[in-house]
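Quick notes on the structure that follows.
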Amino acid sequence: MTVRVLYFAYFRERAGRASEDVSPPADIVTVARLIDWLKEKGEGRERAFADPALVRVAVNLEYVKMDHPVRPGDEVAFFPPVTGGRRRRDGNA
Amino acid sequence: MTVRVLYFAYFRERAGRASEDVSPPADIVTVARLIDWLKEKGEGRERAFADPALVRVAVNLEYVKMDHPVRPGDEVAFFPPVTGGRRRRDGNA
Amino acid sequence: MIRVQREDFDIGAEMARFGAGNARVGGVCVFVGLVRDMTEDAGGGRTKPVGAMTLEHYPGMTESEIAAIEKEARARWPLEDVLVIHRHGRLEPGDRIVLVATASAHREAAFEACHFLIDWLKTKAPFWKREETPSGGEWVEARATDDRAAARWTKTPKSGP
Amino acid sequence: MIRVQREDFDIGAEMARFGAGNARVGGVCVFVGLVRDMTEDAGGGRTKPVGAMTLEHYPGMTESEIAAIEKEARARWPLEDVLVIHRHGRLEPGDRIVLVATASAHREAAFEACHFLIDWLKTKAPFWKREETPSGGEWVEARATDDRAAARWTKTPKSGP
């Protein structure tokens with residue numbers, strides 16, 4: 001299957017890309033499995049997903065949880081908590 | 001002494017005037033006494049003050065209570081509760 | 001700044017000036033009150049059509065009361081700027097009556113102070129509405145909901161109007 | 001109406017159109033968020049000067065999230081009109097970021113819905129701020145106070161971001 005993956009904010013910077021089309025094996029059926037699979041691809045992605053508490057996911061433009069299914073053709077976006085606020089996060093960038 | 005009396009809203013209509021300069025006797029020393037004295041002058045003023053719960057008073061541009069002193073040269077204004085609201089009062093006008 | 005005036009105001013022109021050049025301002029809250037074409041009955045909540053209305057006020061006291069309310073708001077919230085414009089005279093449905101604007105570093109302060117200002121204005125500033133209705137003109141009665149709205153800002157029991 | 005755009009907006013022009021000709025509207029509440037020139041440290045509340053910032057967003061999801069928030073507001077309050085304009089891209093201190101406007105027959109509904117909309121926007125709409133500081137650029141961290149502000153509108157415990 002092919003899944004379109006998007007990265008925003010410091011996820012984009014850490015992953016070194018804004019998007020990628022990936023074809024994970026058939027047993028990658030949830031968001032959580034997809035994250036584990038992406039981390040194995042290295043290239044900074046494991047750093048993007050380092051703190052699970054700071055990972056937000058949307059599938060096809062809607063917020064979902066980690067156990068949400070991932071299906072062929074889905075657009076899966078990863079990003080940190082949204083920031084209307086002003087405090088700086090230490091140590092990222 | 002001379003006191004300037006102002007009437008607003010339906011107080012003005014009932015009293016038949018927007019203002020009057022009055023010279024009450026020396027024993028009229030509070031707002032409450034002044035109201036009693038004005039009511040005796042008739043000419044619709046007693047109707048303006050008919051319901052004490054609906055009488056508001058300002059002396060020299062500040063809200064005061066009925067026991068507030070009245071002194072020569074004061075401006076004493078009488079009016080109903082202010083109406084930012086929308087409900088109509090029945091029976092007045 | 002406080003203005004009590006017969007003429008209309010231009011929200012865009014006011015907002016262009018308001019808080020201009022002050023980069024400490026993070027949030028501006030504006031409330032504009034307008035004349036509706038319907039009014040509620042004192043009892044049931046039924047609505048009646050309303051034509052124009054006339055807003056009578058007490059020149060001099062109106063300004064000083066609004067100034068006192070502004071002073072109270074500035075004491076309660078950290079405000080960078082406050083603007084109150086209140087019209088008087090004859091107004092028709094759709095016409096603007098009042099504008100209250102607050103500017104603060106924080107949006108909570110801007111919202112709360114703006115809400116406070118309009119609630120207190122409605123119950124303390126000496127304005128009286130006379131509505132033109134199909135059956136003639138009628139003075140508007142003070143609204144219990146306005147008193148309740150203003151009362152929630154009262155920290156300590158106080159006497160007064 | 002919802003607009004997500006790079007360019008600035010004109011408050012006066014927007015307000016001239018907003019709720020125009022609808023005499024059921026008794027109150028309009030507007031909130032405008034601006035870029036401040038100072039920011040607070042995560043820990044102490046000390047402030048640091050801020051230069052420009054860049055607001056990144058998720059095109060498509062931003063609009064659908066804001067639409068969902070507007071729908072929620074309309075379900076909770078009797079609103080005659082809603083307008084949300086949110087900018088993205090590079091912004092400097094004093095620049096407008098967001099405008100939220102609500103129109104209702106009653107001022108309480110206008111105030112509460114406007115406040116609700118901005119609180120939920122700040123915690124749910126997919127925007128991320130990167131501030132330019134003397135030490136370089138830094139991504140802004142989510143604010144606990146924003147979460148608390150949004151949480152007070154939650155009627156029932158719900159999962160989500």
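Where a number appears in this text, it was derived from the coordinates with a stated rule and is not lab data. What you see is a predicted model, and the numbers here were worked out from it, not measured in a lab. Methodologically, a virtual Cβ is constructed for each residue, glycine included, from the backbone with ideal geometry; neighbour enumeration extends over all protein chains shown.
When the Cα centres of segment A:5-61 and segment C:79-111 are compared, how far apart do they sit, in Å?
Segment A:5-61 and segment C:79-111 have Cα centres spaced 47 Å from each other.
To the nearest 20 Debye, how big is the dipole of segment D:2-154 about its Cα centre, given +1 on the beta carbon of each Lys and Arg and -1 on that of each Asp and Glu?
Once rounded to the nearest 20, the dipole reads 280 debye.
For peptide D:126-139, compute the average count of partner chain beta-carbon atoms within 10 Å of each residue's beta-carbon.
Per-residue shielding by partner chains comes out at 5.
Which angle between 0 and 90 degrees, to the nearest 10, do you get for helix A:31-40 versus the longest principal axis of chain A when only C-alpha atoms count?
80 degrees
Using a label point 7 Å beyond Cα on the Cα-Cβ vector, give me the inter-copy distances for D:G21 in nanometres, one decimal, shortest first.
3.9
As I understand it, the dipole of chain D uses +1 on the Cβ of Lys and Arg and -1 on the Cβ of Asp and Glu, about the Cα centre. Which of D:F111, D:P49, D:I97 lies farthest toward its positive end?
D:F111
Taking Rh as the Kirkwood radius computed over C-alpha pairs, what is the Stokes-Einstein D of segment C:2-154 at 4 °C in a medium of viscosity 1.567 mPa s, expressed in µm² per second?
The diffusion coefficient I find is 79 µm²/s.
As I understand it, the value is the acute angle between the Cα axis of helix C:61-76 and the longest principal axis of the Cα atoms of chain C; what does it come to in degrees, rounded to 10?
The answer is roughly 40 degrees.
Find every distance from the label point of C:E72 to the corresponding label point in the other copies (7 Å from Cα along Cα→Cβ) and write them in nm, one decimal, shortest first.
Ordered by increasing distance: 3.4 nm.
From zero up to wherever the largest Cα-Cα distance of the protein assembly as shown sits, split into 10 Å bins and tell me the percent of pairs in each.
Spelled out per bin, shortest first, that is 4, 17, 24, 20, 14, 10, 6, 3, 2, 0, 0.
Find the chain D residue whose Cβ sits closest to the rotation axis that carries D onto C, and give that distance in whole Å.
Taking Cβ atoms only, the nearest residue and its distance are D:G12, 1.
Roughly how crowded by other chains is peptide A:70-80, in terms of the mean Cβ count from those chains within 10 Å of each of its Cβ atoms?
Whole-number average of other-chain Cβ neighbours for A:70-80 is 2.
For segment B:3-79, count the residues as N, evaluate 2.2 N^0.38 Å, and divide the Cα radius of gyration by that value, please.
0.96
Would you mind listing the distances between the D:R6 label point and the same position in each other copy? Use 7 Å along Cα-to-C-beta, nm, one decimal, shortest first.
Taking the point 7 Å beyond Cα along Cα→Cβ, the inter-copy spacings are 5.0 nm.
With the contact rule set at Cα under 8 Å and sequence spacing of 6 or more, what percent relative contact order holds for segment D:48-106?
42 percent
Applying the Karplus parametrisation 6.51 cos²θ - 1.76 cosθ + 1.60 with θ = phi - 60° to the phi angles of segment A:48-57, what ³J(HN,Hα) value in whole Hz is obtained for each residue in order, glycine and proline being reported as x?
The phi angles translate into 4, 9, 4, 10, x, 5, 10, 9, 10, 10 Hz.
Per residue of C:9-16, how many C-beta atoms from partner chains lie within 10 Å of its own C-beta, taken as a mean?
Partner Cβ neighbours, averaged per residue: 4.
What is the set of long-range amide H partners of D:V4 at a cut-off below 5 Å, with H atoms built 1.01 Å from backbone N?
Placed amide hydrogens put D:H86 under 5 Å from D:V4.
If the limit is 25 Å between Cα atoms, which of B:K39/C:K122; A:K65/D:K129; A:K41/D:K122; C:K122/D:K124 go over it?
Violating the 25 Å Cα-Cα cut-off are B:K39/C:K122; A:K41/D:K122; C:K122/D:K124.
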